[in-house]
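> One structure, as structure tokens, below. Some questions next.
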Amino acid sequence: AQKITQTQPGMFVQEKEAVTLDCTYDTSDPSYGLFWYKQPSSGEMIFLIYQGSYDQQNATEGRYSLNFQKARKSANLVISASQLGDSAMYFCAMRGMNTGNQFYFGTGTSLTVIP
Amino acid sequence: GAVVSQHPSWVICKSGTSVKIECRSLDFQATTMFWYRQFPKQSLMLMATSNEGSKATYEQGVEKDKFLINHASLTLSTLTVTSAHPEDSSFYICSAGTGAWANTGELFFGEGSRLTVL
């Protein structure tokens, strides 16, 4: 079974500051993918960043970077230079390559950017 | 990125009726589609995985006779909530992946469909 844990139900960050959203996971699958999605109040799911379990380098996409620590089974999202438009729910997700490719989400973190 | 469209965005129905939600991949062929359910301020709960041309794989606890999923083509999957009741009211989201998605990682999500059963 796979499990995704996001321990921060809500986070606040000052505009232009960096913020780290935590995500830990548990899986028996040797090959897996880790994702972060943003869900604004409109409900759409916006893909932010992806990290493969065999990727040697941490993924980066613009202001988003993923701090992947495989031994600790953590995949924290770092948002640099926060903007007001970053206020949203953020979900960590995982897909196991060898377990039917099902895609599971964590409980989410609500991020509020303060002007 | 690729576009996945869901229809309808909002639907209100009477208890006991059936509702069909469509999920279409507009500019790519979706070999795999996922259906999720999301309650307010909660996470997305995977309901089922559907592969084109085969029966959907339902998650434990999801009634397959109540939530009928059909993935008849590479661009369309449908979720039918049969004999809907107020407790079925929720936000339903589909996502789709291409044949290459296992390597690229990205799934594409629809806009979601908000179902309210009176």
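> Ignore the peptide's own chain and count Cβ atoms of other chains within 10 Å of each Cβ in B:41-51; give me the average, rounded. The partial results should precede the final answer.
Details: counts 5, 4, 12, 11, 2, 5, 0, 1, 4, 0, 2.
Mean number of neighbouring Cβ atoms from other chains: 4.
> Add +1 for every Lys or Arg and -1 for every Asp or Glu among the other residues with Cβ under 12 Å from the Cβ of A:ASP86, and state the total. It would help to have the intermediate numbers written out before the result.
Details: positive: A:LYS16, A:LYS38, A:ARG63; negative: A:GLU15, A:GLU17.
It works out to a net charge of +1.
> Another one. Any idea what the dipole of the range A:26-115 comes to, in debye rounded to 20, about its Cα centre with Lys/Arg Cβ at +1 and Asp/Glu Cβ at -1? Mind dumping the intermediate values first?
Numbers: 6 positive and 6 negative charges, 31 e Å.
That gives the range A:26-115 a dipole magnitude of about 160 debye.
> How would you rank B:65-75, A:28-38, highest first, on the average number of other Cβ atoms within 10 Å across their residues? List each step's numbers first, then the result.
Values: B:65-75: 16.5, A:28-38: 19.6.
Most protected by this proxy first, the peptides run A:28-38, B:65-75.
> Which whole-Hz ³J(HN,Hα) couplings does the range A:52-69 yield from phi under the Karplus relation 6.51 cos²θ - 1.76 cosθ + 1.60, θ = phi - 60°, glycine and proline marked x?
x, 5, 9, 5, 7, 10, 5, 6, 9, 8, x, 7, 9, 9, 10, 8, 9, 10
> Starting from the Cα of A:ASP26, step 7 Å toward the Cβ, then list every residue of the range A:49-91 with an amide N under 19 Å from that point.
Inside the label zone: A:69-76.
> A 30 angstrom limit on the alpha carbon distance is what I want to check against. Which of A:LYS38/B:LYS20; A:LYS70/B:LYS20; A:LYS3/B:LYS14; A:LYS73/B:LYS55; B:LYS14/B:LYS64 exceed it?
Exceeds cut-off: A:LYS70/B:LYS20; A:LYS3/B:LYS14; A:LYS73/B:LYS55.
> How far is it, in nm, from the label point at B:SER18 to the one at B:MET45 when both lie 7 Å from their Cα along the line to the Cβ?
The answer from the label model is 2.3 nm.
> Once you have the Kirkwood Rh of the range A:1-70 from its Cα pairs, apply Stokes-Einstein at 4 °C and 1.567 mPa s and quote D in µm²/s.
Values: Rh = 13.8 Å.
Diffusion coefficient, whole number: 94 µm²/s.
> P(r) for chain B, please, calculated from all Cα pair distances in 5 Å bins and given in %.
In order of increasing distance, the bins hold 2, 13, 23, 25, 20, 11, 4, 1, 0 percent.
> Calculate for the protein assembly as shown the 222 nm mean residue ellipticity that helices alone would give, adding -39,500 (n - 2.57) per DSSP H run of length 4 or more and normalising by residue count, nearest 500 deg cm²/dmol. Please report the intermediate quantities before stating the final value.
Details: 1 runs with 4 residues, N = 233.
Taken over the protein assembly as shown, the calculation gives 0 deg cm²/dmol.
Read-outs: derived from the displayed coordinates by stated rules, not from any lab. Bear in mind that the values here come from a model prediction, so they are computed numbers and not experimental data. Reconstructed Cβ throughout: ideal geometry from the backbone, glycine too, with neighbour counts over all protein chains shown.
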